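The values are calculated or read from the model by the stated rules, or taken from the named source; none is laboratory data. Given the structure is predicted, the values throughout are model-derived calculations rather than measurements. FYI the Cβ positions are ideal-geometry reconstructions off the backbone, even for glycines, and counts take in every protein chain you see. Note: areas computed on protein heavy atoms with side chains; ligands, DNA, RNA excluded. Shrake-Rupley method; radii C 1.70, N 1.55, O 1.52, S 1.80 Å.
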Amino acid sequence: MELLELLNEGQVYEVLLVTESNVTPVGVVRRGHSLFFKLFGGKSAVEIKRRPLASIQITNDVELLVRLALNLEITLEFEEKDGHRWIKGLPGVYGRVEFGEEHHEDELGSTVVLKCSLVPEGEIRGNQPPRPVSRADNYLLEMAVNLTRLLVAVRNGKREEAERLYLEVVRDYDMYKKFGGGSETAERMLEIAMGTFD
């Protein structure tokens, strides 16, 4: 079975986007034979505009997703083929990215979003341990999402929204611990959140 067929149409999947020299988590939606995603600035957006080749890879390692989202230290091995680059051992697809820019505004402020689509040209073989996602993993992922939004809110001077997001991060952390989570990544995220108002 092709990897693309494992993704239900219309659902958002948290995956890894690998560009020329960067890796970042991104939410993708499958429609037909294409994968759609948005980039809110950052290195991956710059690299796609300069060289529109990318790989999209799947992992059940939530810790990996979170550490990459927050630019925390991580060691990865890469492989390359025909100008494409990907993480060794993780399944995925690669292809050319079509993109356009649009203005986006929400409670965090306004920005330019890179709207992207990728039609797979090749499949990346990989193997992952059959590790199920735990309920603690779900809270670790939400904690990372809320923390990244908190950092944007602080940077944009949105104090009220930042305070709300800070409480969300703390709630996610408490639930993570309740469901047996014991990762130092969660502790690091809590430290970052607590330091945002200093």
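Points worth noting:
- Out of L72, L76, one residue alone is open to solvent by less than 40 Å² (accessible area, probe 1.4 Å) and either out of contact with any Pro (no Cβ under 6 Å at 6 or more places or on another chain) or modelled with pLDDT of 90 or more (or both). It is L72.
- Within the range 161-174, residues that are over 12 Å from M143 (Cβ atoms) and without any contact (Cβ under 8 Å) to a residue 60 or more places away in the chain sit with their Cβ atoms under 6 Å from residues that are of a type outside the set (D, E, K, R) and open to solvent by 30 Å² or more (accessible area, probe 1.4 Å), at 6+ positions apart or across chains, in these pairs: A162/V154.
- The number of residues in the range 58-69 that are of a type outside the set (D, E) and either in contact with a strand residue (DSSP E or B) (Cβ under 7 Å, 6 or more places away or on another chain) or open to solvent by 30 Å² or more (accessible area, probe 1.4 Å) (or both) comes to 6.
- Matching entry among V112, V97 (being under 21 Å from V46 (Cα atoms), open to solvent by less than 30 Å² (accessible area, probe 1.4 Å) and out of contact with any Phe, Trp or Tyr (no Cβ under 7 Å at 6 or more places or on another chain)): V97
- Filtered residues of the range 25-57 (kept if in contact with a helix residue (DSSP H, G or I) (Cβ under 8 Å, 6 or more places away or on another chain) and open to solvent by less than 30 Å² (accessible area, probe 1.4 Å)): P25, V26, L35, L39, A54
- Yes/no for V12 being hydrophobic (A, V, I, L, M, F, W, C), exposed (fewer than 15 other Cβ atoms within 10 Å of the Cβ) and either under 21 Å from I87 (Cα atoms) or without any contact (Cβ under 8 Å) to a residue 24 or more places away in the chain (or both): yes
- Pairing residues of the range 137-160 that are in contact (Cβ under 8 Å) with a residue 24 or more places away in the chain with residues that are aromatic (F, W, Y), at Cβ distances under 7 Å and at least 6 apart in sequence or on separate chains, gives Y139/Y176; Y139/F179; L140/Y176; M143/Y173; M143/Y176; L150/Y166.
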